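I have placed the structure first, in the form of structure tokens, so that the comments after it can refer back to it.
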Amino acid sequence: MKDLTPREIVTELDRHIIGQDSAKRAVAVAVRNRWRRRQLDPEIAREVAPKNIIMIGPTGVGKTEIARRLSKLVNAPFTKVEASKYTEVGYHGRDVESMIRDLLELGMKMVRAEQADVVREQAEKSVEQRLVSLLLGDTEDRDEPEEAPKHTEPQTAGLPRSGGWVPSEEAESKPDEHARVRNRLLQKLRDGAFEDREIEIVIKEKQTGPIMGMMGPDQFDPGVSSFLDNLIPEKSHRRKVTVRRARAILLEQETDKLIDEEKLIEQAIERTEQNGIIFLDEIDKIAAGEGKGGADVSRQGVQRDLLPIVEGSSVNTRHGVVNTDQILFVAAGAFHTAAVKDLMPELQGRFPIRVELQALTRDDFKRILTEPDAALTKQQEALLETEGMRVTFDASAIDAMAELAAEANASMENIGARRLMTVMECVFDEISFDAPDMVKRGEKTLTIDGEFVRERLKTIMKDEDLSKFVL
């Protein structure tokens, strides 16, 4: 995990998210506490529980965006899941333990990428030697299938058996001369002389297991999943590819050979347990009041299944047991039709930090349109610049779009900042369609002002029924 201070984390989040300072501060402190716990004596560190957070606020105010941006800041396993897609154990659907399995898979990808960087130089050297052998048509092939197809047709002079192109008399010369040929060929390979040449390589693919009883692989018991993986062998087949493509395929194969799989799993489990973060979105969708029946029964079941995961338990995965005691959970929900008190009291207690996000105002919309690094106005300018058109936004245009978005949210369902995307698309609907033709006519600059924005949206804003569908 990157050792960012809480202030540095908030500063990074400010580059992309407007307002919601309390939520940013809470998340920043929770992430920093992960680093602080690692500095403690192991005896004390075991007693320090993660301070789980629950964010409450209407849709479109930045809850999910905070999680998305946070995942790019922390060098730790991070996954975002929707609470509404889980079902109680015994019902059809994913069980809550699958989020831990997903988190571990992400941790394994991170560790694998780090270990791949360590062995990359050695793997690249091995790839170069294999490519030289393939170009020369050498018969030794370490990755040849067990039952390679037999070629009954006679070999054409000068064309080696395995798809090489070097004349056979060079390949069949004396050992020292053969070594010189290999070195000369290796230098040409490094110079990029053969990038578009086609060679034949062996590709190994892991076959997917059968779907039994409409169950996906992630819904099997970990023991059954491992058994099926061992039962189904890898499938090998020959394929003709360019040297450029072969280099990438062979690099992956050589890297897998050099990586210690047991060490990788061990490090991934430790990183998942100590630094893992799960963003549990739409948690309000599984909240249910007392005495309710019907679908609420399943919601209560999901909460009961979720409780031991958040509280701390051992989850069996195909790679080993993962302990969830130190995994940080950040939950979020709009809570329009339910309240936090509708969650199980035991589950509420596992989220000691509660942060309320505020609804966005007209001034917030103005800042969202201009201040973030990837603001909507900057995105639109970049998109049309690819057509050769330069678009600029007048201050009055920003005011008009912010005002119209605020009015639409007030008169219809409040969807927060997502309304700005709808307004922006309505403003640029005709321009995006006609941009190539406008550039051909010499109209390469366009200034968007408030009058232009209102002209594009006046029909929609006047027709209340139409605005409900378009905006």
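The values are calculated or read from the model by the stated rules, or taken from the named source; none is laboratory data. Just so it is clear, the structure is predicted and the values come from calculations on it, not from any experiment. Because the Cβ atoms are built from the backbone with ideal geometry, glycine has one as well, and the counts that use them run over all protein chains shown.
Taking into account only those residues within region 386-405 that are assigned to a helix (DSSP H, G or I) and of a type in the set (G, A, S), which is nearest to R441 (Cα to Cα)?
We begin by selecting, within region 386-405, every residue assigned to a helix (DSSP H, G or I); these are 395-405.
With the extra rule that they be of a type in the set (G, A, S), the set shrinks to 395-397, 400, 402, 405.
Numbers: A395: 27, S396: 27, A397: 25, A400: 29, A402: 32, A405: 33 Å.
Per the stated criteria, the residue is A397.
Does at least one position in region 121-134 carry a residue that is at pLDDT below 70, in the same structural domain as T242 (by TED's automatic domain parsing) and farther than 15 Å from I249 by Cα?
Our first condition is that a residue be at pLDDT below 70; within region 121-134, this holds for none.
No: zero hits.
If you check K366 against the conditions, is it part of a helix (DSSP H, G or I), touching a helix residue (DSSP H, G or I) at 6+ places or on another chain (Cβ under 8 Å), at pLDDT below 90 and of a type outside the set (V, I, T)?
In short, no.
Keeping to region 105-115, report how many residues are closer than 15 Å to A248 by Cα and either assigned by TED's automatic domain parsing to the domain that holds I277 or surrounded by 17 or more Cβ atoms within 10 Å (Cβ to Cβ) (or both).
Just the residues of region 105-115 that are closer than 15 Å to A248 by Cα, to begin with: 113.
With either assigned by TED's automatic domain parsing to the domain that holds I277 or surrounded by 17 or more Cβ atoms within 10 Å (Cβ to Cβ) (or both) added as a condition, the list becomes none.
Residues that pass the stated criteria total 0.
When you go through A408, A435 one by one, which is the residue that is outside the structural domain of Q20 (by TED's automatic domain parsing), without any contact (Cβ under 8 Å) to a residue 60 or more places away in the chain, not in a loop (DSSP other than H, G, I, E, B) and not aromatic (F, W, Y)?
Details: A408 fails: without any contact (Cβ under 8 Å) to a residue 60 or more places away in the chain.
Within the list A408, A435, the selection yields A435.
Working carefully through the options E413, E381, find the one that is within 17 Å of T445 (Cβ to Cβ) and of a type in the set (D, E, K, R). Lay out the reasoning, then the answer.
Values: E413 fails: within 17 Å of T445 (Cβ to Cβ).
Among E413, E381, only E381 is within 17 Å of T445 (Cβ to Cβ) and of a type in the set (D, E, K, R).
In region 52-61, is there at least one residue being more than 14 Å from V74 (Cβ to Cβ), surrounded by fewer than 18 Cβ atoms within 10 Å (Cβ to Cβ) and in contact (Cβ under 8 Å) with a residue 12 or more places away in the chain?
yes
Could you look through region 232-253, keep only residues that are over 13 Å from K204 (Cα atoms) and of a type outside the set (A, V, I, L, M, F, W, C), and pick out the one that is farthest from the chain's Cα centre (by Cα)?
K240
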